[in-house]
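Report on one structure; see the data block that follows.
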Protein chains: 2
Amino acid sequence: MLVVKKFGGSSVADKERIFNVAERVREEYHAGNEVVVVLSAMGKTTNELIEQARNINPRASRRELDMLLTCGEQMSVALMAMALQSMGVPAISLNAWQVAMHTSSAYGNARLKKIDTERIQAELESGKVVVITGFQGINKYDDYTTLGRGGSDTTAVALAAVLHADACEIYTDVEGVYTADPRIVPNARKLEEITYDEMLEMASLGAKVLHNRSVELAKKYGVQLVVCSSLTRAPGTVVKEVVNVEKMLVSGVAVDKNVSRIAVMGLNDVPGTAFKLFNLIYQKKINVDLIVQSVGYSGDKKDIAFTVAADRVEEVVSLLEQNKERLQFSSVEVSSDVAKISLVGSGIMSTPGMASKMFEALYDAGINTRMISTSEIKISVLVDERYAEKAMLAVHDKFELGD
Amino acid sequence: MLVVKKFGGSSVADKERIFNVAERVREEYHAGNEVVVVLSAMGKTTNELIEQARNINPRASRRELDMLLTCGEQMSVALMAMALQSMGVPAISLNAWQVAMHTSSAYGNARLKKIDTERIQAELESGKVVVITGFQGINKYDDYTTLGRGGSDTTAVALAAVLHADACEIYTDVEGVYTADPRIVPNARKLEEITYDEMLEMASLGAKVLHNRSVELAKKYGVQLVVCSSLTRAPGTVVKEVVNVEKMLVSGVAVDKNVSRIAVMGLNDVPGTAFKLFNLIYQKKINVDLIVQSVGYSGDKKDIAFTVAADRVEEVVSLLEQNKERLQFSSVEVSSDVAKISLVGSGIMSTPGMASKMFEALYDAGINTRMISTSEIKISVLVDERYAEKAMLAVHDKFELGD
C-alpha cells in the first residue's frame, strides 16, 4: 500500500513535534507500506521569511519572494529525513526541482501542471521514505514558484493522484471535520465521512480544515482524503465522493464572519443591469457570494444586494462609485456587521422542509435573516454579526447535530 | 567589462550590510559593467543550520545536511536581489540548480566539475545583475552538494573563469593581504600585489584571507583576484601570476599555531621506513607539513619528526601505536606547544642570505628553532608557542616589512 501523509507547519514546529511525526511515519513504514511525506515550512518560518523580505523591500518581486520562501519547506524536509534516519528508517528529502513539480508561471499563486514520478518511484523502490516539500513548484523558466494558500494540501493530493496512492492523509491540529466549530458549539460532533462537495461548502464557509483547491483536485482525480489529528490517534474524517446520506442528511453548520453586505439601490429595471454590475466586479477578480435582487419593487427600479469578503468592500464600493453613470444607481449601502450561517449537507435538496426547519430555528431564537440563498447542498442566511454564535447553536440544536 | 564580486557571510549579516553590498553593486552596474554577485549564507546561518541538524540527528547523512545548508545561500541571494530591486537595479537570484553548477558527488566536500553559463549569460544580456549562491552545487543524482571550506571563494573564481570575467573581487572583513597579522604586528603593511604561490603559502600558514582551493583554481585558469574590504573603499591586494619581485623580495611573515610536532624515535635506518610511515598517514587523508629526519644518528636507528594540524594529533598517534610492530620504532613524542613561523616571498630562493638573515633575527631575539624547512618561496621554522609573536615581530622587523 502507498500512503501520502501531509503535515502542516505546526506539526513540525520543533524537535519534539518533528519526532512525533517521524514516529507516525516509522509505524506506517514498518507496517510494510510505501510512504510519501509532504511537509510545510516549520512553524512560523514562512511568515518570518516574508517579514525579512518586507524589511528589505516591501515591494519585492514575487519571483524573488518565492525563491526565499521555498527554503522554508526545504529545511523542513531535510530535518525530517534526518529524524527518520536517526530512527533507523531510510529516508530521502526532495524539493520541487528534484521531484520536478511543474507549475504555471504565476509566482506566489502558481497552479500545478505536471508532476514527474520517476525519482519518487525510484526512491520508494529502493525502500526509502520520500519526504517532499509541499507548497512549491518550478515553472518553465526553472524558477521556484509557490502555490498560494492551502498549497501543501494541494501538493499532497496531487502526489496521491499521480502516484495512485491508496490513501492521502491530511494531518491537522484538529481531529477532523465537525458539524460546527467546537469553540462555538461545545457539543459539535466529528463527522466520520463527508462528500467533496460538502467539504467545499464547509471550507468556503469558514470551517477551514482543508483548502478548497485541494478538495477540488481530490474530487477531480477521485483521491480519497482522510483529515486527522497529528497529535491524537483518533480516527479522522474521510472526504470522498459519496457518503451514506441516509445516515446523515446534514453535515454541519458553518459560520463566516469575514463577509460584508453591499446593496446597490435604485438600479434601472431593464435587461443587462445585473450583468453590467457583476461583470465589473468579476473583472477585478473579486468573489461575490450571496446575491439577492429585490422582489416587487415599485416602478421601474430595482435593488441588488450581494456579499463579498470583508477585505474587498472598499474596493467594490469605489469601483461602483467610479461607474455610477454607467450603472445608473441611486446609492450604495454597506453592512459590515453581518455573518453568514450555512447549513451544509448532501441531503438538503432532496429532503423537503430543511429550509423551513432552519428558518424556524432562527425565528425561535429571535434572529432576523437579512439575506437567504440556497443551493443543492447548502442553505445560507445572513444575520447580524452579534447573533452569529446564537444562530449557529440554534441551527445545530434544531438539526440534532451534536453528541 | 564583466565583474564577479564575492561577499562573505559577515558582509550580508543584516539589513544594513545587505544594503551596503547592494550599494557597491549598484555603483558597478551604473558604471556600465555587467555584474555577477556571489554570496555566502548570511552571518551565522550555516552554523545555526548545522546546530539544528545536530539537534535532530548528530549523525545525519551528509546528503541531507547539504539539502539543509544550501537554503542558507538561497536566502541570501533572494534578499540581495530584493535589495537591488528596491534601489532600481534589475536583479535576479540563481541557485546552484538554476545556474547548473555541476560538482562531484561528495556531499559536504564536493568539487566543481562544470558550470553552465547559458542562464547567467541570458540574464546578463537582459541587463540584470545576477546574484548567485556560493558554496553549493548539484551532483549527477540531482542532489545538492556543498563545496566545503572556502567554498564561496571557489564558486566566485570558477564563475570568473567560465564567464571570462575581467575581474574577480573577493570582499572580506580585512583590507587585503598583509605582511603579517596586523593584530600581532602593529606596523604590518598591506601588500599591493602577491603571486598565487605566495598567497597559497600565506593561506596555508594561517593568514586565512583566501582558501587555498580558490587560489589554486585562480592560478590554474589565470583569474586575477582582488582581495578587498567590504567596509572601506581602500584598494585591496591583487593576486596574480607574476608581480614585480624587484619591488618586494619578501611578501610577509605568517604564523600558524594550529600545529603539533610528532617525533617518531628509534626507527630502523633502512630503505622504505619513511615511505611506510607517511603512506600510513596519507591513507587517512591527514596532511603532513614539515618533515625532518635526524642527521648523524649513532648506530642503525633514526628519528623522524613531522608536523600535523593540532586537531589530527590524537588520530596520528593512535595510528602509529596500532602499527608499532610493522613500523618498528621505540617511542613517539608529541609537542603541542609549538608554532610555525614562515617567511614567504617569490624572491627567497633567488636571493642569497635570506635564510641566514631570518635565523639571525631569531637568534638576536633569543628564540630557539625546533625544526627548519625551506621551499622555493618559503622558509619555515618551528618555535615554542610562547615565542610565536616575538618571533614574528623579530622577523618582520629584520626584513623591514613594516610601514
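The values are calculated or read from the model by the stated rules, or taken from the named source; none is laboratory data. Being a predicted model, the structure only gives us computed values, none of them experimental. A quick note on method: Cβ atoms are made from the backbone with ideal geometry, for glycine too, and the neighbour counts reach across all protein chains shown. With ligands, DNA and RNA removed, areas are computed over all heavy atoms of the protein, side chains included. Shrake-Rupley method; radii C 1.70, N 1.55, O 1.52, S 1.80 Å.
Observations on the structure shown:
- Cβ-Cβ contacts under 6 Å between residues 6 or more apart (or on different chains), taken from a first residue in region A:141-157 that is within 16 Å of A:Ala106 (Cβ to Cβ) to a second residue that is of a type in the set (Ser, Thr, Tyr), are listed as A:Tyr144/A:Thr70; A:Thr145/A:Thr103; A:Thr145/A:Tyr107; A:Leu147/A:Thr154; A:Gly150/A:Ser214; A:Thr154/A:Ser214.
- Residue match in region B:289-297 (condition: over 26 Å from B:Leu210 (Cβ atoms) and of a type in the set (Asp, Glu)): no
- Looking only at residues in region B:352-403 that are open to solvent by 70 Å² or more (accessible area, probe 1.4 Å) and of a type in the set (S, T, N, Q), the one that is farthest from B:Ala310 (Cα to Cα) is B:Ser356.
- Per the listing B:Lys301, B:Lys276, B:Lys340, the residue uniquely in contact (Cβ under 8 Å) with a residue 24 or more places away in the chain, open to solvent by 80 Å² or more (accessible area, probe 1.4 Å) and in contact with a Leu (Cβ under 9 Å, 6 or more places away or on another chain) is B:Lys276.
- Considering the conditions (1) under 23 Å from B:Leu200 (Cα atoms); (2) assigned to a strand (DSSP E or B); (3) out of contact with any Phe, Trp or Tyr (no Cβ under 7 Å at 6 or more places or on another chain), B:Ile291 is excluded by exactly one of them, (3).
- Count - residues of region A:46-77 that are facing another protein chain (nearest Cβ under 8 Å) and among the acidic types (Asp, Glu): 1
- Selection count where residues are in contact with a helix residue (DSSP H, G or I) (Cβ under 6 Å, 6 or more places away or on another chain) and more than 7 Å from every other protein chain (Cβ to nearest Cβ), scope region A:81-98: 6
- Residue check: B:Lys15 meets all listed conditions (1) modelled with pLDDT of 95 or more; (2) in contact with a strand residue (DSSP E or B) (Cβ under 9 Å, 6 or more places away or on another chain) but one, namely (2).
- Checking each residue of region B:160-168 against the condition of being outside any loop (DSSP other than H, G, I, E, B) and either crowded, with 24+ Cβ neighbours inside 10 Å or within 14 Å of chain A (Cβ to nearest Cβ) (or both) gives at least one match.
- Count - residues of region B:144-159 that are under 15 Å from B:Leu210 (Cα atoms) and surrounded by 22 or more Cβ atoms within 10 Å (Cβ to Cβ): 9
- Residue selected from region A:177-194 under the condition crowded, with 22+ Cβ neighbours inside 10 Å and under 29 Å from A:Glu34 (Cα atoms), by the criterion nearest to the chain's Cα centre (by Cα): A:Val177
- Evaluated against (1) in a helix (DSSP H, G or I); (2) within 10 Å of another protein chain (Cβ to nearest Cβ); (3) hydroxyl-bearing (Ser, Thr, Tyr), B:Ser11 falls short on exactly one condition, (2).
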